[in-house]
Amino acid sequence: MAKLTLEQANTIIDVAMKKGVDAKMRPLSAAVVDAGGNLVAFKKADNSSVLRFEIAFGKAYGAVGMGMASRNIETMAQQRPHFANALAAASGGKVIPVAGGILIKAADGEVIGAVGVTGDTSDNDELAAKTGVEAAGLATD
């Protein structure tokens, strides 16, 4: 059973945030959780707004909790709002059903965590997250 390390989590976050700077995105924040939804690492760029931890964590937590990217959870929430309400209640309001949270997988495809990025458009958040995961030598969907 593979395990996500702090070093990998920091690489994911650092590269994701650098991608944001290089692409002239708004200030990003990123959270990485392990396969159990426990926080491994978080960083918030200067000039980020106050709720960025909750949003980044919620994207990552939802992805690992549901076993799918937060983009897919967003689609599900649009199609079945009653389920989104139940999911929010079941998670104590932790899940953020908006694109920008993706699974982190080991080489064998095992889910070892998730990363959530927030601060720019959801598409850009997701792009930064994917760039970070790939830079850490890990995979995603």
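Bear in mind that the values in this text are calculations on the coordinates, not laboratory data. Here the structure is a predicted model, which means the values were calculated and not measured. Cβ atoms come from the backbone with ideal geometry, glycine included; neighbour counts cover every protein chain shown.
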Next on the checklist: Calculate the FRET efficiency for Ala45 and Thr75 from the Cβ-Cβ distance with a Förster distance of 41 Å, rounded to the nearest 0.05.
Outcome noted: 0.90
Checklist outcome for this item: Of region 9-27, those with amide N under 19 Å from the point 7 Å along the Cα→Cβ vector of Glu134 are 9-25
Next on the checklist: Given an 8 Å cut-off on Cα distances and at least 6 residues of separation, report the relative contact order of the chain as a percent.
Outcome noted: 31 percent
Checklist outcome for this item: Fewest to most Cβ atoms within 10 Å: Ser91, Ser70 sort as Ser91, Ser70
Item to check | Calculated FRET value between Phe83 and Arg26, using beta carbons and R₀ = 41 Å, to 0.05 | outcome: 0.85
Item to check | Cβ-Cβ FRET estimate between Glu110 and Asp14, R0 fixed at 30 Å, reported to 0.05 | outcome: 0.80
Checklist entry - Which trypsin sites (Lys or Arg not before Pro) from region 23-75 combine a DSSP loop assignment with at most 10 other Cβ atoms within 10 Å? => result Lys24
Next on the checklist: What whole-number volume per residue, in cubic angstrom, does the convex hull of the C-alpha atoms of region 1-71 give?
Outcome noted: 94 Å³
Checklist outcome for this item: Semi-axes a, b, c in Å (a largest) for the chain, each sqrt of 5 times a Cα gyration tensor eigenvalue, come to 21, 18, 13
Checklist entry - How many lysine pairs are close in the chain, with Cα atoms under 13 Å apart and the two 8 or more places apart or on different chains? => result 7
Item to check | Loop sites in region 35-141: GluC sites (Glu not before Pro), DSSP, at most 13 other Cβ within 10 Å | outcome: Glu110
